[in-house]
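A quick write-up on the structure given underneath.
The values are calculated or read from the model by the stated rules, or taken from the named source; none is laboratory data. Here the structure is a predicted model, which is why all the values come from computation and not from measurement. Cβ placement follows ideal geometry from the backbone for every residue including glycine, while neighbour counts extend to all protein chains displayed.
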Amino acid sequence: MKEAHPGEARYAKIEQTAERRSTAARAVTYFFLILWAAIVLFPFYWMILTSVKSYGAYNSEYIPKFFTLSPTLQNYVDAFTAVPLARYFVNTIIFTLLTTAIMIVVITLAAFAFSRLDFKGRNAAFVLFLSLMMIPGELVIITNFVTITNLDMRNTFQGLILPSVTSVFYIYLLKENFEQVPDSLYKAAKVDGTSDMKYLLKVLVPISRPTLITVTILKVIECWNSYVWPRLITDDENYFLVSNGIQEIRENGFGRENIPAMMAAVVVISLPLIGLFLIFHKKIMAGVSRGGTKG
C-alpha cells in the first residue's frame, strides 16, 4: 500500500484547518445576522401580537406576554368603523398615484435635459440644482405653506401634490443612468432624424427601466409615509391620508388607552408598504446600485 507523502499530509491538514475556520466564521456570521433580524423584526411581531389581543386582555397583563391564547380580529373591525379608515386609504392611493406619475414625468424630462441637451450654463445650473440637496426640506415648508394658501389650495389634492412632484436626488440618479448611454448613439439618432422626445422614449427610458422602477417604488413609499405636509395643509378629514389619519384615530377614534385597536389600524396601514418592499426589494437594490455605477 502506497504511503502518503509528508507534504501531502501537511497540505491536507492545513486545508482541513482552513475549512473548519471558514465554517466557524460562517456560523458566527449567521448567528449575528439572525440576532439582528430578530431585533429588527420584534417590533413588527409585537405590533401584530398586540393587535389581536382584546382590550380587556391587554389591560389585565401586568407583565407583558409574548403570546396570546385567545386572539381576536375585533380590533381590525373597529379600525374601519371607529374612524373612516377606508376613506383615508382611498385618499392616500389617489395622492400617491398622482404624485408619483407627475414626478416621474418631471424628473425624466429634467434628467434628459441635463444629460443630453447642450445649452449654455448647463453644468453651472446643474451644480446649483444639486446644491438644493443641502437645504433641509423642513426649511421650505413655511414657504410652500404660504404659497399653497395664497393659491387657495388648502384642503385640496392639488395642494397636497404640488410640493412633492420633483426631487433633486431622483433627477441626479436618473441623469447618471442616461449618461451611461454612449453619446454616439444619440448623435446617430439625430442624424437619422429622430426627435429628442422619441429618442428619450424609445432608447433612454427602456434602458433605464430598473432605475425608473426603483424611483417609482421609493416615491410610493415616501408618499404613503408622508405626514408633516398633509397634516399642515389639510384640516378637513375628507382629505386626510393614512399617515395623519393615525393621529385622528388616536385622538378621536379609539382613545389614547385602546392600544390594541390602534395597533390593528397601524398593521392595516403598514401592510401595503411591507408587501410592496418584499415584492420589489431586489429591483430597488439593483436600480440604486446601477444608478451609482459608471460605464
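Data overview
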quantity: Hey, residue 35 farther than 20 Å from residue 266 by Cβ and in a helix (DSSP H, G or I) or not; calculated: yes
quantity: Residues located in region 70-88, provided they are touching a residue at least 24 places away in the same chain (Cβ under 8 Å) and in a loop (DSSP other than H, G, I, E, B); calculated: 82, 83, 84
quantity: Positions within region 116-145 being among the charged types (D, E, K, R) and under 15 Å from residue 167 (Cα atoms), in sequence order; calculated: 138
quantity: Test: residue in region 62-69 that is over 30 Å from residue 195 (Cα atoms), assigned to a helix (DSSP H, G or I), modelled with pLDDT under 85 and out of contact with any helix residue (DSSP H, G or I) (no Cβ under 8 Å at 6 or more places or on another chain); calculated: no
quantity: Residue in region 188-198 that is of a type in the set (Asp, Glu), over 26 Å from the mean Cα position of the chain (by Cα) and either buried (at least 18 other Cβ atoms within 10 Å of the Cβ) or more than 19 Å from residue 118 (Cα to Cα) (or both) present; calculated: no
quantity: In region 238-247, the residues that are surrounded by fewer than 16 Cβ atoms within 10 Å (Cβ to Cβ) and over 21 Å from residue 138 (Cβ atoms); calculated: 238
quantity: One residue from 162, 174, 185, 241 being out of contact with any helix residue (DSSP H, G or I) (no Cβ under 6 Å at 6 or more places or on another chain) and modelled with pLDDT of 85 or more; calculated: 162
quantity: Check on residue 133, at pLDDT 85 or above and out of contact with any Asp or Glu (no Cβ under 8 Å at 6 or more places or on another chain); calculated: no
quantity: Checking residue 124 against (1) exposed (fewer than 10 other Cβ atoms within 10 Å of the Cβ); (2) under 17 Å from residue 228 (Cβ atoms), the condition it does not meet; calculated: (2)
quantity: Any hit, region 54-67, residues being within 18 Å of residue 271 (Cβ to Cβ), surrounded by fewer than 17 Cβ atoms within 10 Å (Cβ to Cβ) and without any contact (Cβ under 8 Å) to a residue 12 or more places away in the chain; calculated: no
quantity: Residue within region 257-269 that is within 30 Å of residue 131 (Cβ to Cβ), in the same structural domain as residue 145 (by TED's automatic domain parsing) and buried (at least 17 other Cβ atoms within 10 Å of the Cβ) present; calculated: no
quantity: Selection from region 169-228 of residues that are outside any helix (DSSP H, G or I) and over 25 Å from residue 128 (Cα atoms); calculated: 182, 192, 193, 194, 195, 226, 227
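Residue-wise test of (1) out of contact with any helix residue (DSSP H, G or I) (no Cβ under 9 Å at 6 or more places or on another chain); (2) without any contact (Cβ under 8 Å) to a residue 60 or more places away in the chain.
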| site | (1), (2) |
| --- | --- |
| 33 | yes, yes |
| 37 | yes, yes |
| 49 | no, yes |
| 97 | no, yes |
| 100 | no, no |
| 122 | no, yes |
| 132 | no, yes |
